[in-house]
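Participant: I am attaching a structure below and will ask some questions about it afterwards.
The values are calculated or read from the model by the stated rules, or taken from the named source; none is laboratory data. Being a predicted model, the structure only gives us computed values, none of them experimental. Neighbour counts run over all protein chains shown; Cβ positions are idealised from the backbone, glycine included.
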Amino acid sequence: MVAAACLAPCLQIRADNWPAWRGPTGQGICEETELPLEWSASKNVRWKLPLPAPGNSTPIAWGKQIFLTQATKSGAERWTWCVNRDDGKIAWKKKVAYAGSEPTHATNPYCSASPVTDGERVIVSHGSAGLFCYDLSGKETWRRDLGEFRHIWGNANSPVIYGDSCIINCGPGVRTHLLCLDKKTGKETWKIPIPGGHEGTGGRESWTGSWSTPLVLDKKLLVSYPGRLIAFEATSGRELWSCSGLGKLVYTSPLAREGVAVSMSGFMGPPLAVRLGGKGEVTESRRLWRQERSQQRIGSGVIHQGHIYIHNDPGVLECIKLKTGETVWKNRLAGKSWSSVVLSGDRLYTADDGGSCFVVQASPSFKVLARNELGERIRASIAVSDGALFIRSYKHLWCISKP
């Protein structure tokens with residue numbers, strides 16, 4: 001599943017840091033533009049680090065350090081790795097043992113949540129094994145028992161950092177809630193229960209849940225839940241507004257640019273867009289559009305110059321008008337994809353299950369600029385740092401950069 005995170009705008013974030021899933025804005029937007037256009041398993045590879053088992057989480061980068069979560073022994077061991085960005089060597093790694101039973105799906109290995117850092121600490125979610133905080137040298141500073149995560153398809157929600165808080169969407173499952181902790185101590189600040197969850201064990205009628213990572217936006221948290229997109233006050237967890245119209249399953253994380261928030265259901269369910277602002281139930285007053293059905297969507301998209309670009313699960317890249325929901329174009333790139341799109345200037349970077357990576361023009365006119373083959377399954381998203389691409393496949397962590 002996908003995972004996501006973002007940092008408070010008040011932090012000093014350099015262009016060469018990718019501090020969370022989906023980068024410094026939490027929306028896959030990269031300020032760097034001089035990125036590699038072409039690569040392969042032997043071209044423009046600075047290094048590749050073998051991984052001991054498959055994984056879906058995305059690496060993050062801060063300075064000379066790359067952080068990654070990794071499960072081994074079928075989830076009995078859950079790791080946080082720190083990798084030297086210059087040579088790909090492991091600087092340190094920390095193991096958490098978990099002897100409990102936590103359901104998941106074969107396509108969603110344990111440790112699918114991505115880490116988050118503020119340059120002083122790195123925080124990782126290991127699902128039922130807990131939430132862990134380390135300093136950048138690998139010393140554990142706190143841990144928090146989050147209880148059991150129980151859903152037939154597992155979990156993947158990444159933590160986010162906002163100011164002095166760490167926030168995580170705990171779920172899916174019967175016990176679903178939005179939780180805020182003090183990032184320095186791990187102590188609870190507030191918790192908002194989200195009713196209506198289910199483990200998914202009763203067949204299609206019981207399939208419900210959110211794998212959505214919160215988006216921090218102007219002192220608010222936007223979170224997609226079954227049935228509705230909700231805006232919370234980041235400091236208190238107070239609900240500010242909500243917009244109805246989503247389906248029962250939500251894998252993607254919200255997008256918000258140009259005065260509009262976008263939320264997309266999974267399992268062929270409805271996407272919608274709503275004008276930001278308002279109070280209470282804003283469906284009738286501020287919703288711009290909603291479509292009854294769409295393609296399966298697991299990875300999240302980006303918004304650029306009045307258009308949404310998203311790589312759908314069947315492998316189809318789609319361009320949608322932000323204000324109307326009208327499809328401008330949709331084109332199959334190759335195989336299935338869970339990768340979230342990264343925007344660099346006017347270029348889109350994405351990958352698919354077969355290990356094909358694509359650079360596509362972010363334009364109402366469809367144009368593939370490059371297709372680059374790594375030949376290994378990829379279900380993570382591409383991370384960007386200081387001119388390099390960090391791509392986690394099922395076999396390696398790749399560092400791609402120009403000579």
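Participant: Among Arg275, Arg257, which is within 26 Å of Ile161 (Cα to Cα), touching a helix residue (DSSP H, G or I) at 6+ places or on another chain (Cβ under 7 Å) and among the basic types (Lys, Arg)?
Facilitator: Step by step, each of Arg275, Arg257 is checked, and only Arg275 is within 26 Å of Ile161 (Cα to Cα), touching a helix residue (DSSP H, G or I) at 6+ places or on another chain (Cβ under 7 Å) and among the basic types (Lys, Arg).
Participant: Continuing with this model, one more query. On the basis of being in contact with a strand residue (DSSP E or B) (Cβ under 6 Å, 6 or more places away or on another chain), modelled with pLDDT under 95 and outside any strand (DSSP E or B), does Ala3 make the cut? Explain how you work it out, then say what you get.
Facilitator: On the way: in contact with a strand residue (DSSP E or B) (Cβ under 6 Å, 6 or more places away or on another chain): no; modelled with pLDDT under 95: yes; outside any strand (DSSP E or B): yes.
Criteria not met by Ala3.
Participant: Take Glu148 and decide whether it is in contact (Cβ under 8 Å) with a residue 40 or more places away in the chain, surrounded by 17 or more Cβ atoms within 10 Å (Cβ to Cβ) and more than 19 Å from the chain's Cα centre (by Cα).
Facilitator: Judged against the criteria, Glu148 is not a match.
Participant: Of the residues that make up segment 199-211, is at least one part of a strand (DSSP E or B), β-branched (Val, Ile, Thr) and more than 22 Å from Thr327 (Cα to Cα)?
Facilitator: no
Participant: Restricting segment 356-392 to residues that are surrounded by fewer than 22 Cβ atoms within 10 Å (Cβ to Cβ) and of a type in the set (S, T, N, Q), which is nearest to Ser158 (Cα to Cα)?
Facilitator: The qualifying residue nearest to Ser158 (Cα to Cα) is Ser356.
Participant: Which ranges mark the strands (runs of 3 or more DSSP E) fully within segment 43-92 that have 3 or more residues being closer than 15 Å to His126 by Cα? I'd like the intermediate steps shown before the answer.
Facilitator: On the way: elements: 45-50, 60-62, 65-72, 77-84.
Ranges flagged: 65-72, 77-84.
Participant: Residues of segment 55-76 being out of contact with any strand residue (DSSP E or B) (no Cβ under 7 Å at 6 or more places or on another chain) and either surrounded by 19 or more Cβ atoms within 10 Å (Cβ to Cβ) or small (Gly, Ala, Ser) (or both), which ones?
Facilitator: Asn56, Gly63, Ser74, Gly75
Participant: Got at least one residue in segment 337-349 being in contact with a Ser or Thr (Cβ under 9 Å, 6 or more places away or on another chain), aromatic (Phe, Trp, Tyr), without any contact (Cβ under 8 Å) to a residue 60 or more places away in the chain and buried (at least 21 other Cβ atoms within 10 Å of the Cβ)?
Facilitator: Checking segment 337-349: not a single residue is in contact with a Ser or Thr (Cβ under 9 Å, 6 or more places away or on another chain), aromatic (Phe, Trp, Tyr), without any contact (Cβ under 8 Å) to a residue 60 or more places away in the chain and buried (at least 21 other Cβ atoms within 10 Å of the Cβ).
Participant: Test Trp79 against the stated conditions and say whether it is in contact (Cβ under 8 Å) with a residue 12 or more places away in the chain, closer than 28 Å to Ser300 by Cα and either of a type in the set (Val, Ile, Thr) or surrounded by 14 or more Cβ atoms within 10 Å (Cβ to Cβ) (or both).
Facilitator: yes
Participant: On to the next question. Test of understanding: among Gly301, Gly306, Gly355, which residue is farther than 25 Å from Val260 by Cβ and either touching a residue at least 12 places away in the same chain (Cβ under 8 Å) or small (Gly, Ala, Ser) (or both)?
Facilitator: Just a single option satisfies the conditions, and that option is Gly355.
Participant: Hey, another quick one. Pick from Ser363, Ser381, Ser340, Ser294: which is part of a loop (DSSP other than H, G, I, E, B), in contact with a His (Cβ under 8 Å, 6 or more places away or on another chain) and closer than 24 Å to Pro254 by Cα?
Facilitator: Residue meeting the stated conditions: Ser340.
Participant: Please list, ordered by first then second residue, the pairs with beta carbon atoms under 7 Å, 6 or more apart or interchain, first in segment 168-192 and within 12 Å of Glu148 (Cβ to Cβ), second surrounded by 16 or more Cβ atoms within 10 Å (Cβ to Cβ) and of a type in the set (Asp, Glu).
Facilitator: Filtered contacts from segment 168-192: Gly173/Glu199; Val174/Glu199.
Participant: If you don't mind, another one. Quick one: would you say Arg150 is of a type outside the set (A, V, I, L, M), assigned to a strand (DSSP E or B) and more than 19 Å from Gly237 (Cβ to Cβ)? Explain how you work it out, then say what you get.
Facilitator: Numbers: of a type outside the set (A, V, I, L, M): yes; assigned to a strand (DSSP E or B): no; more than 19 Å from Gly237 (Cβ to Cβ): yes.
No: the conditions fail for Arg150.
Participant: Which of (1) part of a strand (DSSP E or B); (2) over 25 Å from Val260 (Cα atoms) is the odd one out, the single condition Ala334 does not satisfy?
Facilitator: Result: Ala334 fails condition (1) only.
Participant: Among the residues in segment 73-89, are any of a type in the set (Val, Ile, Thr) and in contact with a Pro (Cβ under 9 Å, 6 or more places away or on another chain)?
Facilitator: Yes, segment 73-89 contains a residue that is of a type in the set (Val, Ile, Thr) and in contact with a Pro (Cβ under 9 Å, 6 or more places away or on another chain).
Participant: So which of Gly325, Gly299, Gly354, Gly375 is part of a loop (DSSP other than H, G, I, E, B), over 26 Å from Ser112 (Cβ atoms) and modelled with pLDDT of 95 or more? Quick ask: steps written out before the conclusion?
Facilitator: On the way: Gly299 fails: over 26 Å from Ser112 (Cβ atoms); Gly354 fails: over 26 Å from Ser112 (Cβ atoms); Gly375 fails: over 26 Å from Ser112 (Cβ atoms).
That would be Gly325, the only listed residue that is part of a loop (DSSP other than H, G, I, E, B), over 26 Å from Ser112 (Cβ atoms) and modelled with pLDDT of 95 or more.
Participant: Can you tell me how many residues within segment 312-322 are in a loop (DSSP other than H, G, I, E, B) and within 16 Å of Leu348 (Cβ to Cβ)? Walk me through how you get there before you give the answer.
Facilitator: Step one: list which residues in segment 312-322 are in a loop (DSSP other than H, G, I, E, B), which gives 312-315, 322.
Narrowing further to those that are within 16 Å of Leu348 (Cβ to Cβ): 312, 315, 322.
Result for segment 312-322: 3.
Participant: Then there's this: Within segment 229-244, track down each residue that is assigned to a loop (DSSP other than H, G, I, E, B), more than 26 Å from Gly154 (Cβ to Cβ) and in contact (Cβ under 8 Å) with a residue 12 or more places away in the chain.
Facilitator: Ala234, Thr235, Ser236, listed by residue number.
Participant: Step by step: first the residues of segment 241-271, then only those that are surrounded by 20 or more Cβ atoms within 10 Å (Cβ to Cβ) and of a type in the set (Phe, Trp, Tyr), then the one that is nearest to the chain's Cα centre (by Cα). Which residue is that?
Facilitator: Applying the filter and picking the extreme gives Tyr251.
Participant: OK, next. Just one of the numbered conditions (1) farther than 30 Å from His304 by Cβ; (2) within 20 Å of the chain's Cα centre (by Cα) is not true of Ile29; which one?
Facilitator: Going through the list (1) farther than 30 Å from His304 by Cβ; (2) within 20 Å of the chain's Cα centre (by Cα), Ile29 breaks only (1).
Participant: Sticking with this one: For segment 124-146, enumerate the residues that are in a loop (DSSP other than H, G, I, E, B), among the small types (Gly, Ala, Ser) and within 13 Å of Tyr98 (Cβ to Cβ).
Facilitator: Gly130
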